[in-house]
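Beneath this line is the structure, given in structure tokens, with notes to follow.
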Amino acid sequence: MAADRVCILAWLRRSAEVLHEQRDYLTTLDAAIGDADHGINMDRGFTAVMDKLPSVAEADIGTILKTVGTTLVSTVGGASGPLYGTAFLRAGTALAGRQELQPADIVTGLEAALEGIKARGHAQVGEKTMVDALSPAVEALKVAVASGESLEEALYAAGAAAEAGMQATIPLVATKGRASYLGERSADHQDPGATSVTLLLRAALNGK
Amino acid sequence: MAVGLVIVSHSARLAEGVVELAEQMAHGNVRIIAAGGTDDGALGTSLMKVTQAIFTADSGDGVAVLVDLGSAALVAEMALEQFATARRQRVRISNGPLVEGAVVAAVEAAVGASLDEVVTSADAAVELNKLSKRT
């Protein structure tokens, strides 16, 4: 089964709702090891995305994703603006012109997003960042799709892998991003970026 | 004219303060432009502000961009990527410390140093010894 533009728009809408609901939670996580703005920034960014989506509601999926990217870059304010912005721009470029996505296309889009975030943030797995949730999610999605599981099952696997990766950030000492300024004191806290990645991937299931 | 400078900070007031300090050394010969805070004036960085500041600072001789914290560098890198090749080739981001880097860069730019020289000096400002007599 494929995901069409309606599915993508529903996912984005659900993402905006979830980020709004979890705004204080994300900000609390960020207050412990960062600059206490991640929830506020993501909520502001996705509120702007919601305002923008009607203008591309009839466009192809690549255009929709690229519009999300440019909107996030210009409205989020923190480092997550360029990072999520690049992720959506790269995914949109990888899926340019598409009217619907097969499970393998979703792997392609998410891989492009991951590569974009790694390139933009010069980040690798294990540095207590978004990458720690997104990288295992992409891997799990790829495995599930390759073994012929349904899109729902594959997305579930991706969300579960992201959540495990998110939880695995707790003991890590941050070496990238604002939390790295805290050195050893960044350990024992869950990374806010890995958390928002997990929320967005989970929203893909709820939004269907 | 001279290499221009852009001061990117999460804080608008910090960016303006650094511009003030750097201008004191440049005697009006260098375009030094602040790009601090988000579009709505909160703490953060703005791609739009950084992009516009680079345009304003660029007299054709190039622009050195100084940044305060890591995410300011991300925004500056993104700004560069959207430029056409010709402009992108005459904009460089310095890894130097914001205050010392900006002051050193202003001095270099004011005497007509090239973009490479300005950025090299700003990068090297991390080695400046503030506690004199200590080596």
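The values are calculated or read from the model by the stated rules, or taken from the named source; none is laboratory data. It should be emphasised that the depicted structure is a prediction, and the values quoted were computed from it without experimental measurement. Every residue, glycine among them, receives a Cβ derived from its backbone with ideal geometry; neighbour counts consider all protein chains shown. With ligands, DNA and RNA removed, areas are computed over all heavy atoms of the protein, side chains included. Shrake-Rupley method; radii C 1.70, N 1.55, O 1.52, S 1.80 Å.
So here's what we get for this one:
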{"read-out": "Dipole axis of chain B (+1 Lys, Arg; -1 Asp, Glu on Cβ), positive-most option in B:A110, B:S9, B:A35", "value": "B:A110"}
{"read-out": "q = 0.12 Å⁻¹, the range B:4-127: log10 I(q)/I(0) [Debye, one scatterer per Cα]", "value": "-0.35"}
{"read-out": "Solvent-accessible surface (1.4 angstrom probe) belonging to A:H189, in square angstrom, nearest 10", "value": "60 Å²"}
{"read-out": "Cα Rg over Rh - the range A:1-141, Kirkwood", "value": "0.96"}
{"read-out": "Peptides ranked, highest mean first, by Cβ atoms within 10 Å: ranges A:113-122, A:15-24", "value": "A:113-122, A:15-24"}
{"read-out": "Surface accessible to a 1.4 Å probe, A:L110 within the full protein complex, Å²", "value": "40 Å²"}
{"read-out": "Kyte-Doolittle mean at least -1.0, axial Cα span of 18 Å or more - DSSP H helices of chain A", "value": "A:5-21, A:38-52, A:61-75, A:80-94, A:103-121, A:131-146, A:151-168, A:192-206"}
{"read-out": "Whole-number D in µm²/s for the range A:43-83 (Stokes-Einstein; Kirkwood sum over Cα pairs; 37 °C, 0.692 mPa s)", "value": "324 µm²/s"}
{"read-out": "Alpha-carbon spread of the protein assembly as shown, three principal axes, descending order, Å", "value": "66, 44, 32"}
{"read-out": "Environment charge of A:A160, counting only residues whose C-beta is closer than 13 Å and scoring Lys/Arg +1, Asp/Glu -1", "value": "-4"}
{"read-out": "Two-site FRET efficiency, B:S132 against A:I170, from Cβ-Cβ distance with R₀ of 35 Å, rounded to 0.05", "value": "0.20"}
{"read-out": "Rounded accessible area of A:V138 (nearest 10 Å², 1.4 Å probe)", "value": "10 Å²"}
{"read-out": "Spacing of the two label points (7 Å from each Cα toward its C-beta) at A:A59 and B:F83, in nm", "value": "2.6 nm"}
{"read-out": "FRET efficiency for B:H27 and A:L182, using Cβ-Cβ distance with R0 set to 35 Å, rounded to 0.05", "value": "0.30"}
{"read-out": "The range B:4-127, relative contact order in percent, only Cα pairs under 8 angstrom and at least six apart counted", "value": "28 percent"}
{"read-out": "Translational diffusion coefficient (Stokes-Einstein; Kirkwood radius from C-alpha pairs) of the range A:101-208 at 25 °C, 0.890 mPa s, in µm²/s", "value": "177 µm²/s"}
{"read-out": "Computed helical MRE - 222 nm, chain B, DSSP H runs ≥ 4 contributing -39500 (n - 2.57), nearest 500", "value": "-14500 deg cm²/dmol"}
